[in-house]
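Reading through the structure tokens given below for one structure.
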Amino acid sequence: MADTDTSRAEPIEAWITGIGLATSLAEGLDAHWDALNERRVNVDTKGFSPYVVHPLAPLSFDKQIPKKGDQRQMESWQRIGTYAAGLALDSAGLKGNTEILSRMDMIVAAGGGERDLAVDSAVLNAEGYGTVPPGALNERLMNDLRPTLFLAQLSNLLAGNIAIVHGVTGSSRTFMGEEEAGVDAARIALARIAAGQSDIALIGAAQNGERKDLLMLYEFGDFNLKDHYAPVFARGPKGGFALGSGAAFLVIESKSHAEARGAKPYARLKNVVADQSRRRNAGDVTTSLEKLWTELGPGDGATAIITGATGAEPVTAEETAFLRNHANAPVRGTATPFGHVMEAQFPLGIALAALSLSRGALYPPNDPTGLEVEMGTTPDQIVVIGAGHWRGEGMALVEAVR
């Protein structure tokens, strides 16, 4: 049971003991590490032309979701997330451990659920002809859609399916709010463990970026990268993000809980901080990130930065200004190899930081602008940055456990 005494002077140390990755590059940790070191990028510039998308790597969902009935009642984003959650539990050595899974906290960051485009199109076309009788829209929605797809899937269905498939049945929270939902998932999980209110948590997010409705939504804000692919820091003043399909899940637990079951850490999650600048004036994002850097308190060790910089402007230019102010810390941008995975942006950054620290190296740069450089030493700590494409900023400090 978790120690509920929150009056302690020192926070409880939190370890990252499980990592689950299923993205456009690969599935699993070894395959991701190989892909990153080979500077691979999986991008589709034709399937959703003129928009650029990072499609999901081939997965055999049966490996983590063995029941076909479970798979059929999920849409793509849920299958991807449930799959990655299973990988994280496997990585932590917890698959099938009902005693721990029954009290494991779960915090999922989720966007709006997927829509049924065929039904949407049929309804809109019928309405366009002007021959639809009163009440026909409600009748179509009730008859043509499964209950979970009424208007759009409920955002908490991912957590529900993880509970059904993997037996994670402790407390459950689903946060919405695009990139900052992922920041809050990590922040709240760490706060609960540090305060002794929780022993262990599963956190993460998933996105299916291969959705015409999602591309249309972001096109209304002129956020999509169009026509050709470029690394995230080389997209010029117009910018834009290329949506990516993928999921990142993490098992975070107290050091004492991990040691008691003989689990080894990938890394230590030291701190997570968040802010929301008004973004009314040029430089607001840069100022916010400098403030968070001070709050985060990275020490004097060998430090690197993994950022989820989206490519959208003007926020990416303002984040780049912050990165140049900290040029002594080598940078890696997740959007270059993975695309922008929205709610999963921050968990992905933490996962890559923990993976790098566990391997004793930062994976090589994959950017022509000179912002990303080689790291000549073994990293001691990695700062993860998650700035939203139009609101919110967050940072995490991930440290090596030697």
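The values are calculated or read from the model by the stated rules, or taken from the named source; none is laboratory data. Predicted model only: the values in this text are computed from it and were never measured. No Cβ is skipped: glycine too gets one built from the backbone with ideal geometry, and neighbour counts run over all protein chains shown. Quick note on the areas: whole protein, heavy atoms, side chains included, nothing else; ligands and nucleic acids left out. Shrake-Rupley method; radii C 1.70, N 1.55, O 1.52, S 1.80 Å.
Just checking, how many residues over segment 149-196 are at pLDDT 95 or above, of a type in the set (S, T, N, Q) and out of contact with any strand residue (DSSP E or B) (no Cβ under 9 Å at 6 or more places or on another chain)? Residues meeting the conditions: 1.
Looking across segment 57-98 at every residue that is open to solvent by less than 40 Å² (accessible area, probe 1.4 Å) and in a loop (DSSP other than H, G, I, E, B), the one that is nearest to Ser155 (Cα to Cα) is identified as Met74.
Checked against (1) more than 14 Å from Val384 (Cα to Cα); (2) at pLDDT below 95, Thr287 meets all criteria but (2). Thr294: assigned to a helix (DSSP H, G or I), without any contact (Cβ under 8 Å) to a residue 12 or more places away in the chain and not aromatic (Phe, Trp, Tyr), yes or no? Yes. Selection of segment 357-398 for residues being among the acidic types (Asp, Glu) and open to solvent by less than 40 Å² (accessible area, probe 1.4 Å) yields Asp367, Glu372, Glu393. Scanning segment 207-254 for residues that are of a type in the set (Gly, Ala, Ser), open to solvent by 10 Å² or more (accessible area, probe 1.4 Å) and on the phi < 0 side of the Ramachandran plot yields Gly221, Ala230, Ala234.
All conditions but one from (1) under 26 Å from His389 (Cβ atoms); (2) open to solvent by 40 Å² or more (accessible area, probe 1.4 Å); (3) among the hydroxyl-bearing types (Ser, Thr, Tyr); (4) outside any strand (DSSP E or B) apply to Thr174; the one that does not is (4). For Arg8, are the conditions met, namely being among the charged types (D, E, K, R), at pLDDT below 95, open to solvent by 10 Å² or more (accessible area, probe 1.4 Å) and part of a loop (DSSP other than H, G, I, E, B)? Spelling it out, Arg8 is indeed among the charged types (D, E, K, R), at pLDDT below 95, open to solvent by 10 Å² or more (accessible area, probe 1.4 Å) and part of a loop (DSSP other than H, G, I, E, B). All conditions in (1) closer than 20 Å to Gly240 by Cβ; (2) open to solvent by 10 Å² or more (accessible area, probe 1.4 Å); (3) touching a residue at least 40 places away in the same chain (Cβ under 8 Å) hold for Ala321, with the sole exception of (3). What's the total number of residues in segment 299-345 that are closer than 27 Å to Ile107 by Cα, out of contact with any Phe, Trp or Tyr (no Cβ under 8 Å at 6 or more places or on another chain) and either hydrophobic (A, V, I, L, M, F, W, C) or at pLDDT below 95 (or both)? Total meeting the criteria: 7.
Across segment 99-110, which residue is farthest from Glu343 (Cα to Cα) among those that are open to solvent by less than 50 Å² (accessible area, probe 1.4 Å) and assigned to a loop (DSSP other than H, G, I, E, B)?
Taking segment 99-110 as the starting set, the residues that turn out to be open to solvent by less than 50 Å² (accessible area, probe 1.4 Å) are 100-101, 104-110.
Okay, now just the ones that are also assigned to a loop (DSSP other than H, G, I, E, B), so 104, 110.
On the way: Met104: 21, Ala110: 6 Å.
Selected residue: Met104.
The set of residues from segment 21-56 being of a type in the set (Ser, Thr, Tyr) and loosely packed, with under 13 Cβ neighbours inside 10 Å comprises just one member, Ser49.
Note on segment 255-281: residues that are buried (at least 24 other Cβ atoms within 10 Å of the Cβ), under 19 Å from Asp184 (Cβ atoms) and more than 15 Å from the chain's Cα centre (by Cα) amount to 1.
Of the set (1) part of a helix (DSSP H, G or I); (2) surrounded by 18 or more Cβ atoms within 10 Å (Cβ to Cβ); (3) modelled with pLDDT under 90, all apply to Gly113 but (1).
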